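The block underneath contains the structure these notes are about, expressed in structure tokens.
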Amino acid sequence: MVRVLVVEDSPVVREFLLHILGFDPEIEVVGTAETGEEALEAVERMRPDIITMDVHMPRMNGFETTRRIMETRPTPIVIVSGTVDIAETASVFRAIEVGALAVMPRPSGIGHPEHQRKAAAFAQTIKLMAEVKVVRRWRRPRPEETLPVASVCAEVQPGTAPTETRLIAIGASTGGPPVLRMILSGLPKDFAPPVLIVQHIASGFTQGFAEWLAQSSKLPVQLPVHGQQVVPGGVYVAPDGFHMTVASNGRILLNTSEPENGLRPSVSCLFRSVAKVYGPSAVGVLLTGMGKDGALELKLMKERGAVTIAQDKESSIVHGMPGEAIRLGGVTYILPPHKIPTMLTGLVARACNQPGAEITHA
């Protein structure tokens, strides 16, 4: 039985969420809270398995409440949002940055034709997220902790740097947003290869996610359109509901073919495309996430000569996707988040041309 604490200041919305969660026999709502202060007290007293968190509350908002909970009694938290406007998404991603696992749109109302399907999906996601262990989160390094390019590159396995790195492909799921933000913020403004990203996130929040990433990136971040030409240093985030691939002429192709691994966009779809088109001139990065999306295709990239990187287990919220890639033998290097931008910069600069020990070799 999954024990849920519902934090929501609106009585109508609170009752609606209780109604939805109450239909699932594997879920027990152990309590509710109308304010952040009540939520902190309820977490200590009820010890829920997971919390659904409102963003806008009087006095202590969802961001501050999430931060306090993750500092005092780490508990899986899912942000439940009723809107996807810019002001709302800014608060949502601040909460994710301090420890919330994911954001979910509030399910459609009872009279909506999609209500039952979305309500069932909502309850299923709550159950899945309740299984995530959040006892320890990786710490954002201070600037002085970031390793210089030469230091990291001295540890790169001889022969792994491609002749020319023409494109970076990154996949992420649960826990991915703050890691992606760290990686992009660590890339220099003259970073040449385009970066293509698939991040599993609830529909409607991708535009806000891209804008949130752009706030700390020296590179331009955008949602591409079908047929758009990639440019040096551009960062492209797969839009809602579209698989993102790349053609041999360097144009991004979007399609609505069947989901892969139950997902669209799929990391597998992107990685397979990049392996075919760019081969040894690409770098693949698979970050924290639930499931196996992208793992087999990261191995395919490696087999085609690409350098492949997986996030390490210690820093991953969920080590499903990178862990599966490691198990399959598809990973060249296993790295914590703060070393990934330095490694990418070193590979692009082709400065990694001397023998040395591996950082962590799969």
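Here the accessible area is traced with a 1.4 Å probe on the protein chains. For the chain, carbon and sulfur cover 53 percent of it. Under a cut-off of 16 Å between alpha-carbon atoms, report the aspartates and glutamates in cross-link reach of Lys292, not counting same-chain residues fewer than 8 places apart. Candidates past the 8-residue exclusion: Glu260, Asp312, Glu324. Rounded to the nearest 5, what % of DSSP beta bridges with both residues in the chain are antiparallel? The antiparallel fraction comes to roughly 15 percent. Over region 221-362, what portion of Cα pair distances is larger than 18 Å, expressed as a whole percent? Counting pairs separated by more than 18 Å, the tail of P(r) holds 58 percent.
Please identify, among Phe209, Phe93, Phe23, the residue showing maximal mean-square fluctuation in a Gaussian network model of the chain using a 10 angstrom Cα cutoff. Its mean-square fluctuation being the largest, the pick is Phe23.
Of the GluC sites (Glu not before Pro) found in region 3-78, those in coil by DSSP whose Cβ has at most 15 other Cβ atoms within 10 Å are Glu26. What figure, in Å² to the nearest 10, do you get for the accessible area of His19 with a 1.4 Å probe and non-protein molecules left out? In the full protein context, His19 sits at about 70 Å². With a threshold of 31 Å on the Cα-Cα distance, the over-threshold entries among Lys302/Lys339; Lys299/Lys339; Lys133/Lys189; Lys189/Lys313; Lys133/Lys299; Lys127/Lys302 are Lys133/Lys189; Lys127/Lys302.
Stretched out straight at 0.36 nm per residue, the stretch from His115 to Gln215 would grow longer than its current Cα-Cα span by 32.5 nm. The residues of the chain present an accessible area of 42 Å² per residue when probed at 1.4 Å with all protein chains retained.
The residues Leu17, Leu128, sorted by heavy-atom accessible surface at 1.4 Å with ligands and nucleic acids left out, run Leu128, Leu17 from largest to smallest. Per residue, the chain reaches -10500 deg cm²/dmol at 222 nm when only DSSP H runs of four or more residues are counted, each adding -39500 (n - 2.57).
The values are calculated or read from the model by the stated rules, or taken from the named source; none is laboratory data. Since we're looking at a predicted model, the values are computed, not measured. We place every Cβ from the backbone using ideal geometry, glycine too, and count neighbours over all the protein chains shown. Surface accessibility is based on the protein's heavy atoms, side chains included, excluding ligands, DNA and RNA. Shrake-Rupley method; radii C 1.70, N 1.55, O 1.52, S 1.80 Å.
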